[in-house]
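Structure first, then comments.
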Amino acid sequence: MIHFSSIRASGPPQPLSARIFRTLLALLLGAGLGALAKALDGLPSNALPFLLERLDLRNVFSRAGIWALIGLILSVYASSPRRAALNVFAFFAGMTTAYYLYSALIAGFFPARYAMIWFGLTLLSPIPAVLCWFAAGRGRIALALSTLIVATLFDMTFSFGWFYADAVSPVEAAVFIAALVVLRKKPLEMLIMTLGGCALAFVAAPLLPFRL
């Protein structure tokens, strides 16, 4: 039987007001980024400043890597697995709602099929949030969870085959590196996590839902 408290213990209890504030902040962050992503999606590429155009933010926000990284950060730095689940759910609820409200009310287009997919993923988001929270702990189970996360992020941010691996964009490469930093481990564990995650991504690529 697995005792998850031995993997990572919850932090000291926080005042209710602080917990509510953080969840509300996650909701507002998601709403802001969701509206921004849709606004960028409707702009011609040459309407953006040169640096933003070079960063290709429109396509970055249209892929899953950046959203997975934000969810990972919210999870790892939560005070408990319950708070991780709640904060990540709030973030994705805000993001998805704002994105599709903007699409329907301002852009005049509502892609119902994609909206249902994202709302479904939002409902499921507390599950990976809890797993990500425990991945930041210690021991073999935390290392295994971290390796799975690295494999998934590698699949989201790199285009690869058996004889090549290229970052989709500089921002996507930065997303992958940032995930490694968030999941920081001891040097040997970091090596196992990184190499093991990349190797697992190659082997499991046909089974992962975000294959490029």
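The values are calculated or read from the model by the stated rules, or taken from the named source; none is laboratory data. Every value quoted in this text rests on a predicted model; they were computed, and no experiment measured them. Neighbour counts run over all protein chains shown; Cβ positions are idealised from the backbone, glycine included. To get the accessible areas, we keep the full protein, side chains included, count just its heavy atoms, and leave off ligands, DNA and RNA. Shrake-Rupley method; radii C 1.70, N 1.55, O 1.52, S 1.80 Å.
What number of residues within region 52-89 satisfy the criterion of being of a type in the set (S, T, N, Q) and either modelled with pLDDT of 95 or more or not in a helix (DSSP H, G or I) (or both)?
Applying the first criterion (of a type in the set (S, T, N, Q)) to region 52-89 yields 59, 62, 75, 79-80, 87.
Narrowing further to those that are either modelled with pLDDT of 95 or more or not in a helix (DSSP H, G or I) (or both): 75, 79-80, 87.
Summing the residues that are of a type in the set (S, T, N, Q) and either modelled with pLDDT of 95 or more or not in a helix (DSSP H, G or I) (or both) in region 52-89 gives 4.
Residues are listed down the side, and each one gets a yes or a no for (1) modelled with pLDDT of 90 or more; (2) in a loop (DSSP other than H, G, I, E, B):
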site: Ala173; (1), (2): yes, no
site: Phe176; (1), (2): yes, no
site: Leu180; (1), (2): yes, no
site: Ile192; (1), (2): yes, no
site: Leu195; (1), (2): yes, no
site: Phe202; (1), (2): no, no
site: Ala205; (1), (2): no, no
site: Pro209; (1), (2): no, yes
site: Leu212; (1), (2): no, yes
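Of all residues in region 14-25, those that are farther than 16 Å from Phe91 by Cα and touching a residue at least 12 places away in the same chain (Cβ under 8 Å) have Cβ atoms under 9 Å from Cβ atoms of residues that are assigned to a helix (DSSP H, G or I) and open to solvent by less than 80 Å² (accessible area, probe 1.4 Å), 6 or more apart or on another chain, in Gln14/Arg83.
Can we say Ala167 is under 19 Å from Trp67 (Cβ atoms), free of Cβ contacts under 8 Å to residues at least 12 places away in the same chain and surrounded by 14 or more Cβ atoms within 10 Å (Cβ to Cβ)?
Numbers: under 19 Å from Trp67 (Cβ atoms): yes; free of Cβ contacts under 8 Å to residues at least 12 places away in the same chain: yes; surrounded by 14 or more Cβ atoms within 10 Å (Cβ to Cβ): yes.
Judged against the criteria, Ala167 is a match.
Taken over region 91-134, the residue count meeting the criterion of being touching a residue at least 60 places away in the same chain (Cβ under 8 Å), of a type in the set (Gly, Ala, Ser) and part of a helix (DSSP H, G or I) is 4.
Report whether or not Leu143 is open to solvent by 70 Å² or more (accessible area, probe 1.4 Å), part of a helix (DSSP H, G or I), over 24 Å from Asn59 (Cα atoms) and of a type outside the set (Phe, Trp, Tyr). Here the answer is no, as Leu143 does not meet what is asked.
Being in contact with a helix residue (DSSP H, G or I) (Cβ under 7 Å, 6 or more places away or on another chain) and surrounded by fewer than 19 Cβ atoms within 10 Å (Cβ to Cβ) narrows it down to one of Leu153, Leu180, so name that one. Matching residue, one of Leu153, Leu180: Leu180.
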